[in-house]
Amino acid sequence: MQTLSGRSRAAAGGRGAPAAPRPGARRATLCRPAPAAAAAEARTHEGGVFVRMEGQPLLELAGGHRAVPLLEPTVQRVPFAMALRIIDPGAAPAQVLGAGAGSGSDDAVELHYVLGGAGSLLGAAGDSQPVGPGDSVLAAPGGATFAVDAGAGAAALVLLQLLLPGKLLRDVAAGQRSAFTDPGELGLSPEWAAPSVVKAGRLTQEMMCSLLSPEAMHSAHAEARAAAAAAAAATASLDDGDAPNNGAEVLVSPLAGGRLVRKRSLSGVRAWQLPNATNQLALLFGPHTDPGMSLTFGVEMFEPGHRTARHIHTAAFEMFIVLGGEGVGISNSDKVPLRAGDVAVFPPHVVHAIDNPSARRLYCLQMMLPNDMFAEFVTSGSLLDPLDRDDMAGIITGTC
């Protein structure tokens, strides 16, 4: 990702090359066996961190929940923690989700992205909001706890859970560049890192496919959207109809604490065409929704044949999680193949890029921490129409 002028860059010129025409037919999502030699450990390539989801440890947590750790500050030396969270149908609501609940810190910002299944976001006084594939939930620090319930449906509710250090974000928002201390001092103690958790094997490609099958994703997405439409009349929206990111953002009263929990749907969000580039970014959270928020989170789409200009960020960590398609991650002089389920993190001063040499669109979750003027750069581009049906299909059903 390229920063604004004034930030250090490793390459001059445009952000991306002209893209090949977008094919009309979409490839069916297929399960592929993991290579026999695939390593479960994170792979560090000259400064960049690359993690393949399949092969990671599968942990049994309390209440019928499971977790697959993907990033830990003290292991990968990054200023956040991330895991795949699996809530099986009929399991107790995940009370541990939420800033300060089960994270070992009352100063954690929690960000969740729903990959599969359908459930409910439970708030105070019995209020709830449906959640399904493509939904994001953000809880600010301060002890605001909430719960996610998978209900009694046929499929597990599968989320990506991110724990972000609240102090770091506040320092950056206040103009302090003290940014990244030792990862061990960030105060992030994920529930899945507790000594009491039980290891139940490793996440296989087949298991990932069963959790995130296209059929289950389509069904859950339709169910969640129908429930959201039914609840819309009783829910206050923060966006007006002409807003650039009218993604049906709603507020939910927390079970505890005074800060509201924010939920945003990907459906209806308008993407930005990045300046002088072929890639697009649908922003979900960032300074454009909350001026005091020093992070950027959204879905980035790379056209076939796209080549990102090689660049660095002087202060920010940039992370990509591949949702659908295939690409190549550039980390200094190294090139790393990327496919659905892969995670790539580029620390400050690492020359990096994401290329899409394939014939189909590449879809990734993207986060910049801190924002480092990135949202301002993105919104200086061209505002596009809301995500179309093909894009939603590629994002929602392209994970396996």
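Through the Karplus equation 6.51 cos²θ - 1.76 cosθ + 1.60, θ set to phi - 60°, convert the phi angles of the range 358-373 into ³J(HN,Hα) values in whole Hz; use x for Gly and Pro.
7, 9, 10, 4, 10, 10, 9, 6, 10, 9, 10, 9, x, 4, 6, 6
With an 8 Å cut-off on Cα pairs and a minimum separation of 6 or more residues, tell me the relative contact order of the range 287-400 in percent.
Computed over the range 287-400, the figure is 37 percent.
If you find the alpha carbon centre of the range 314-392 and of the range 51-67, how far apart are they in angstrom?
25 Å
What is the set of long-range amide H partners of L58 at a cut-off below 5 Å, with H atoms built 1.01 Å from backbone N?
A200, G201, R202, L203
What's the Cα-based Rg to Rh of the range 333-400, Rh via Kirkwood?
When Rh is taken as the Kirkwood radius, the ratio is 0.97.
Could you pull out every residue, at least 5 positions away or on a different chain, whose amide H is within less than 5 Å of the one on D135? Hs are placed 1.01 Å off N in the peptide plane, and Pro or chain starts have none.
Here the answer is V114, L266, since their amide H atoms fall under 5 Å of that of D135.
Any lysines with Cα under 24 Å of the K263 Cα? List them, leaving off those in the same chain fewer than 8 positions away.
Straight-line reach from K263, under 24 Å: K167.
Could you list which residues have their amide H under 5 Å from that of H311, counting only those 5 or more apart in sequence or on another chain, with H placed in the peptide plane?
Result for H311 returns A10, H352.
Computed from the coordinates by the stated procedures, all read-outs in this text should not be read as laboratory data. All values derive from a computational prediction rather than experimental measurement.
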